[in-house]
Amino acid sequence: MFYMVEKQKTRVAVIAGARSTEHEVSLVSAYNIANAIDKDENDVYVVGIDKDGVWRQYDPDNFVVNPGNVGEIKLSDKPISGRLAVTQNSRKFYDIENGGKVAFECDVIFPAVLGNYAEDGTMQGLLRMMDVPFTTSDVLGSAVGMDKDVAYRLMRDAAIDVAKFVLIRKGGTLPSFKEVQESVESEVFFVKPSNAGSSVGVSRVTNQAEYEDALELAFMYDVKVLAQQAVVGREIEISVRGNIGYQTTSVVGEIITVNEGDFYSYGNKYINSDQKTKLVAPTELPDGISELVSQTAVKVCEVLECEGFARVDFFLDQNNRLYVN
C-alpha cells in the first residue's frame, strides 16, 4: 500500500518598507516579489516596516495601497498583527501587542528593503542573530556595497576601473569647485551621498552655485559625500546570481535617457520612467564587451563580498573603456 505524502511548503517571509529614504521603492519591489513567488511551492508572509521603524504583519495579497505608483504607494492601514518582535536563534515573529504570541514562523527571509537601516548590513546583522537563512549578501557585503567611498577604494585596489572621485566629509574642509574639477579631471561632475541608493541626493554639477546646492542636498542624507567625474558614454547594467565561486550573470541591459544630457535620477527611475528612460535588454555592444561586463561584474561581487543576487552598474565610455558605477 502506498501513501501520498504531502510536500511541505517553504515558508518565505518578505520584508518590505523600512525607515529609509527608499521606503517607497522597497514597497514596489516587495509587491513584485510577493506576487512572483510560486504559491504552490511556498507560503508567503509579509512584514511591513513603516517609516517610524515599526514592524507588523500584513496580508501578502493586500499589503500596499497604490502598488503601481511609486509616488503614492504606501503600506496598508490594515495590518493583521500588532508590533512584531524577534529574538536570537529563532525563526519566529512574535506579536508583542497580543500577549507575545507567535504570529508566524518562517524558513527563509527575503529582505526586499533598500537604503539605510535596511540593506546596509543592519538588517542582515539582525537576521544573522535570528539564525535564519536570507536571500541577500551577508553583513559585510551589504555594508561595503552600500558605502560608495569604501566600495570604490576596494575596487580601485583590485584594479577595477572606477571614475575619479573626491571624498568630502561634513564638518571638514570643503574643496572649491575648481579644486574638485582638477582632482576628478572633469569640467562636469556629480555630487552624491556615499551611503544612499536609487540616485537619492545626486546632482549634476557644472558651476559653483550648483556645487554649493549639490553639497547641501547630499549632506542631508549622509556625512560622507562624493564628488565624482562625469563619464560620457553608455549606462550598462547586469545582474549576478549565486555564491562566490559559483556566480553566473544575466544578459547585459542598457539604460537610455530620452533627453540628451539627462541622467538616471530618482525621478527618471521611478516617477517619470516611461517618459524619460527606456531599458534595452539584451543590448548590442561591441565585440568582447559583453564578456568583459560579465567577468568584471563577478569580480566586483568577489571584491565586495556580495552573494545571493546583485546588480552591477557600469559606464562604457566613447573609447569602450568600462567603469563600475
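The values are calculated or read from the model by the stated rules, or taken from the named source; none is laboratory data. What you see is a predicted model; the values in this text were computed from it and never measured. FYI the Cβ positions are ideal-geometry reconstructions off the backbone, even for glycines, and counts take in every protein chain you see. What goes into the accessible areas is simple: the full protein's heavy atoms, side chains included, and nothing from ligands, DNA or RNA. Shrake-Rupley method; radii C 1.70, N 1.55, O 1.52, S 1.80 Å.
Extent along the principal axes, Cα only, for the stretch 135-244: 45, 29, 24 Å, with the longest axis given first.
Beyond 14 Å, how much of the Cα-Cα pair distribution for the stretch 10-84 remains, as a whole percent? Cα-Cα pairs of the stretch 10-84 separated by over 14 Å account for 55 percent. Take the chain with all the other protein chains still there, run a 1.4 Å probe, and you get 52 Å² of accessible area per residue.
Past the 17 angstrom mark, what percentage of all C-alpha to C-alpha distances in the stretch 126-182 do you count? Value for the stretch 126-182: 59 percent of Cα pairs lie more than 17 Å apart. Give me the percent of Cα-Cα pairs in the stretch 90-159 that sit more than 16 Å apart, rounded to a whole number. The answer is 56 percent, as a whole percent. Projected over every direction and averaged, the convex hull enclosing the alpha-carbon atoms of the chain yields 20.8 nm².
By the rule of a second cysteine Cβ within less than 4.7 angstrom, the chain holds isolated cysteines at Cys106. Percent relative contact order of the stretch 1-93, based on C-alpha pairs within less than 8 angstrom and at least six residues apart? Once normalised by length, the contact order is 26 percent. Under the criterion of Cα pairs below 8 Å and six or more residues apart, the relative contact order for the stretch 171-236 equals 36 percent. Mean separation of Cα pairs under 8 Å and 6 or more residues apart, divided by the residue count, gives the chain a relative contact order of 14 percent.
What lysines sit close enough to Lys299 to cross-link, taking a C-alpha to C-alpha distance under 22 Å and skipping anything fewer than 8 places away on the same chain? Within the straight-line limit of under 22 Å, Lys299 reaches these lysines: Lys148, Lys164. Restricting attention to the chain, close to 75% of DSSP beta bridges with both partner residues there are antiparallel. How many percent of the accessible area of the chain is carbon or sulfur, using a 1.4 Å probe? Roughly 47 percent of what the probe reaches on the chain is carbon or sulfur.
Measuring from centroid to centroid over Cα atoms, what is the spacing of the stretch 69-83 and the stretch 164-181 in Å? The two parts, judged by their Cα centres, are 40 Å apart.
Coupling constants for the stretch 82-91 follow from the phi torsions by the Karplus curve (6.51 cos²θ - 1.76 cosθ + 1.60, θ = phi - 60°), and in residue order they are x, 5, 9, 9, 10, 9, 5, 6, 8, 9 Hz; glycine and proline get x.
Among 134-146, 81-93, 100-112, the peptide with the highest mean count of other Cβ atoms within 10 Å heads the list, and the full ranking is 134-146, 100-112, 81-93.
What would the Debye formula give as log10 I(q)/I(0) at q = 0.17, 0.21, 0.24, 0.34 Å⁻¹ for the alpha-carbon point model of the stretch 105-144, no solvent? Result of the Debye calculation: -0.36, -0.55, -0.71, -1.28.
Per-residue Karplus couplings for the stretch 27-39, computed as 6.51 cos²θ - 1.76 cosθ + 1.60 with θ equal to phi - 60°, are listed in order as 4, 5, 4, 4, 4, 5, 5, 4, 7, 8, 5, 5, 6 Hz, Gly and Pro entered as x.
Among residues other than Glu210 whose Cβ falls under 14 Å from its Cβ, what is the net charge (Lys/Arg +1, Asp/Glu -1)? Neighbourhood net charge equals -1. Helical runs assigned H by DSSP (4 residues or longer) give the chain a calculated mean residue ellipticity at 222 nm of -7000 deg cm²/dmol, each run adding -39500 (n - 2.57) before division by the residue total.
Note that the stretch 35-136 shows a convex hull volume over its alpha carbon atoms of 114 Å³ per residue.
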